[in-house]
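Here's the structure we're looking at; comments come further down.
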Amino acid sequence: MFVTHLECSLTRERFDAGRVHNLSRAGKPLLVRYDFEAAKRTLTRESLAARPPTMWKWRELLPMPDGVEPVSLGEPETPILALAGTAPNLLVKDEGRLPTGSFKARGMAVAVTMARHFGITRIAIPTNGNAGAALAAYGARAGIETVVICPAETPEINVRETAAYGAKVYVADGQIDECGALVGKGAAAGLWFDCSTLKEPYRLEGKKVMGFELAEQLGWKLPDAIFYPTGGGTGLIGMWKAFDELEAVGLIGPERPRMFAIQAAGCAPMVRAFEAGEEFAARWEGAATVATGIRVPKAVGDFLILRAVRDSGGAALAVEEGAILQAVEDVARNDGMLLCPEGGAVVAGWRSALERGLVARGETVLLFNCANGNKYPLSDCSRKLELAGANPADL
């Protein structure tokens, strides 16, 4: 095992890695720390190239103790595709290829693996959709009971998918942070373990593998900029952590991409805090957006998101609903790829950044499509046809 300890992300207080944890004593996320000198002896470019192409090839920088087998549904490396019909040098990492059709599978695979290791038998989570489905699937795989609480605006297919895996699913009259408060209350009463975003240490460790993968896939040269759909921000925080860890084991140098946190104009607490120069983000009231995955009014890791964005020389940007929907339509028609609304948001964010001079057309930019677009409601643009007497020339 290469884990040395857990560390409070705000105070740097150390915690024992061999125990179950949620937040630190300061109420902030805990980060897993590793013995990099030991890890670098076996984690090399050559050894990685010889391993099966799954997220578990990075085991030296994952938290499982020796002998602990992952709870897996066959998590592949996700492809990086060029959006040549949309713009030159624009790349997208398609996380919709993962189990349950979203990048939430990465975090839940590791979190559920560690929960099973610690003997946890019941887990609860608030979700806008994909995280709940992933928890339910991996919980079923591990034999762990799951309870999922969704805001009413959660896409129906996500609600039904989650229930299909056997979770107890509740649709609530509130936002995701309000659902999270109920999950926290139940955890405090000992009814279940709270697996909310960044309220336990291990979902982050699964999400950071996106950073490991993109580095190797791009020939160990990081892109000039990364655009990431940001609600709770686990993936953005995780990738920023991953780049430091890759440097620590000698796989990359000190260069870093500019990190762009993309939010919807109807729920943009990070953008507001970034523009105001604040360290923490106040709750966004009246949150509303078609991109439900980034409809997070209050994120526990707000200061970590803002640090990564600022330290990288990036920005937090908000995009309008019309721009999100237009981007989804454009990429589908120009590149044959159906983005989720959050993926549409990052394309719209890139367009906004281009107009504002925050990125240049010649730069290599990587966008994240966080889920399969087929999991979301789509407009019916079909036409009715009566076959009797139909003339093919009229079609």
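The values are calculated or read from the model by the stated rules, or taken from the named source; none is laboratory data. Predicted, not measured: the structure shown is a model, and the values here were computed from it. Cβ sites come from the backbone with ideal geometry, for glycine too, and all protein chains shown count toward neighbours.
List of remarks:
- P297 vs. criteria touching a Phe, Trp or Tyr at 6+ places or on another chain (Cβ under 9 Å), in a loop (DSSP other than H, G, I, E, B) and not polar (S, T, N, Q): yes
- Cross-chain or 6+ apart pairs with Cβ under 6 Å, segment 276-290 first and crowded, with 20+ Cβ neighbours inside 10 Å, then of a type in the set (A, V, I, L, M, F, W, C): A281/M270; A281/A273; W284/C267; A287/C267; T289/A264; T289/C267
- Of all residues in segment 169-183, those that are part of a helix (DSSP H, G or I) and surrounded by 24 or more Cβ atoms within 10 Å (Cβ to Cβ) total 4.
- Yes/no for L10 being farther than 22 Å from I123 by Cβ and surrounded by 13 or more Cβ atoms within 10 Å (Cβ to Cβ): yes
- When S382 is tested against (1) in a helix (DSSP H, G or I); (2) of a type outside the set (D, E, K, R); (3) at pLDDT below 95, exactly one condition is not met: (1).
- Meets criteria (over 24 Å from I144 (Cα atoms) and of a type outside the set (F, W, Y)) for D194: no
- Among the residues of segment 142-159, those that are farther than 20 Å from G232 by Cα, surrounded by fewer than 21 Cβ atoms within 10 Å (Cβ to Cβ) and either of a type in the set (S, T, N, Q) or under 21 Å from the mean Cα position of the chain (by Cα) (or both) comprise E156, I157.
- Residues of segment 313-332 that are surrounded by fewer than 19 Cβ atoms within 10 Å (Cβ to Cβ) and either among the β-branched types (V, I, T) or in contact (Cβ under 8 Å) with a residue 60 or more places away in the chain (or both): D330 alone.
- Qualifying strands (runs of 3 or more DSSP E) (wholly inside segment 1-95; at least 3 residues being at pLDDT 95 or above and more than 30 Å from E329 (Cα to Cα)): 3-8, 30-34
- Some residue of segment 381-392 being over 16 Å from A87 (Cα atoms) and in contact (Cβ under 8 Å) with a residue 24 or more places away in the chain: no
- Test: G166 is touching a residue at least 24 places away in the same chain (Cβ under 8 Å), of a type in the set (G, A, S), assigned to a helix (DSSP H, G or I) and more than 19 Å from Y376 (Cβ to Cβ): no
- For segment 41-57, the tally of residues that are more than 22 Å from S72 (Cα to Cα) and polar (S, T, N, Q) stands at 2.
- For the residues G232, G186, G238, the requirement of being touching a Lys or Arg at 6+ places or on another chain (Cβ under 7 Å), touching a residue at least 24 places away in the same chain (Cβ under 8 Å), on the phi < 0 side of the Ramachandran plot and surrounded by 15 or more Cβ atoms within 10 Å (Cβ to Cβ) singles out G238.
- The residue pairs whose first member lies in segment 98-117 and is without any contact (Cβ under 8 Å) to a residue 24 or more places away in the chain, whose second member is crowded, with 24+ Cβ neighbours inside 10 Å, and whose beta carbons are closer than 6 Å, counting only pairs six or more residues apart or on different chains, are L98/A105.
- Residues being among the hydrophobic types (A, V, I, L, M, F, W, C), out of contact with any helix residue (DSSP H, G or I) (no Cβ under 7 Å at 6 or more places or on another chain) and modelled with pLDDT of 95 or more - total across segment 108-158: 6
- Residue among V309, V296, V271 that alone is touching a Cys at 6+ places or on another chain (Cβ under 8 Å) and aliphatic (A, V, I, L, M): V296
- Evaluated against (1) more than 19 Å from the chain's Cα centre (by Cα); (2) in a helix (DSSP H, G or I), R307 falls short on exactly one condition, (1).
- Top-ranked residue in segment 76-132 [being among the charged types (D, E, K, R) and within 23 Å of F227 (Cβ to Cβ); ranked as surrounded by the fewest Cβ atoms within 10 Å (Cβ to Cβ)]: R97
- Filter result for I157 (assigned to a loop (DSSP other than H, G, I, E, B) and either under 19 Å from V300 (Cβ atoms) or hydrophobic (A, V, I, L, M, F, W, C) (or both)): no
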